[in-house]
1. Can you list the helices (runs of 4 or more DSSP H) lying wholly within segment 52-138 that have 1 or more residues being surrounded by 13 or more Cβ atoms within 10 Å (Cβ to Cβ) and under 20 Å from the mean Cα position of the chain (by Cα)?
2. Select from segment 183-211 the residues that are modelled with pLDDT of 90 or more and among the small types (Gly, Ala, Ser) and write down the one among them that is surrounded by the most Cβ atoms within 10 Å (Cβ to Cβ).
3. With surrounded by fewer than 20 Cβ atoms within 10 Å (Cβ to Cβ), more than 14 Å from the chain's Cα centre (by Cα), in contact (Cβ under 8 Å) with a residue 40 or more places away in the chain and in a loop (DSSP other than H, G, I, E, B) as the only criterion, which of Pro154, Pro214 stands out?
4. Of the residues that make up segment 39-50, is at least one surrounded by 13 or more Cβ atoms within 10 Å (Cβ to Cβ), touching an Asp or Glu at 6+ places or on another chain (Cβ under 6 Å) and at pLDDT 95 or above?
5. Name the residues in segment 59-84 that are over 25 Å from Arg158 (Cβ atoms) and either touching a residue at least 40 places away in the same chain (Cβ under 8 Å) or in contact with a helix residue (DSSP H, G or I) (Cβ under 7 Å, 6 or more places away or on another chain) (or both), would you?
Amino acid sequence: MRLSAVSAALILAIAAPSFAQEYVEFTSKDDRFGATFPTDPKVEQIMFKSQFGSMLPARVYTSDSGNSHFKVTVVDYGNIEAISTERSKSCPPGAETCRGGGSSTGLGYWKADLAGAEKFATWQFMQRDAKITYMGWNNIDLVEGTMIYMTNNPSGSRTSAGIYMHENKLYIIEGTVPKGYPEPGFFQQSIRWLDENGNGIRYQTLYHNGFPKPPTGRGGAPQQGQQPQQPQQQR
């Protein structure tokens, strides 16, 4: 079910006491996504180390409200082939696990890096000092991905996260709230995809990164929240 701006605000007010009364419908034309943040996010440029060691440009969007923290990390895999190929030139002779090559991995393992980006990001969450209470397949506007809920040690704070690949960009979305607060799933579910003109998009069939794009239908928009005890895939 789609939400109007008014109903989205009501859900944020009820489900997230850490949010201020005002909230921000933020969009990034550079990274082609939109999200509902409690405040204007700070944007930081970083370098992200891929599974096979290539350094990729990324942006981190962060917004805090009290002791609650919300973050979207967008890693650009668009030039992974060129970056990995260049890196492979400095690999020691015979270091196949660095150099790669062939039809399966590509030089510097760029093909494996691109295909496994979402799984690698999921693995990073699994290394945290936290208990994963739910992990499963999900989609936002028919872009497939992974949804994770966890309780962090030792604070008892709770994190809701989503990981998606769209147009060769990896989106790592996470909201963390203090112990006793409602699950922050509403944050990752506020994510929407944008086209090159900044308009929301929604696909008509499932989008799989690296495959031909399906046709788009009506514009994407924030969706109704999910409960981790009975997770429901977004429509």
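The values are calculated or read from the model by the stated rules, or taken from the named source; none is laboratory data. Because the structure is a prediction, the values reported are computed rather than measured. Please note: Cβ atoms are built from the backbone with ideal geometry, for glycine as well, and neighbour counts cover all protein chains shown.
1. Numbers: elements: 80-88, 96-99, 102-105, 110-115, 117-126.
Output list reads 80-88, 110-115, 117-126.
2. Among them, the one singled out is Ser190.
3. Working: Pro154 fails: in contact (Cβ under 8 Å) with a residue 40 or more places away in the chain.
Within the list Pro154, Pro214, the selection yields Pro214.
4. Yes, some residue in segment 39-50 is surrounded by 13 or more Cβ atoms within 10 Å (Cβ to Cβ), touching an Asp or Glu at 6+ places or on another chain (Cβ under 6 Å) and at pLDDT 95 or above.
5. Asp76, Tyr77, Gly78, Ile80, Glu81, Ser84
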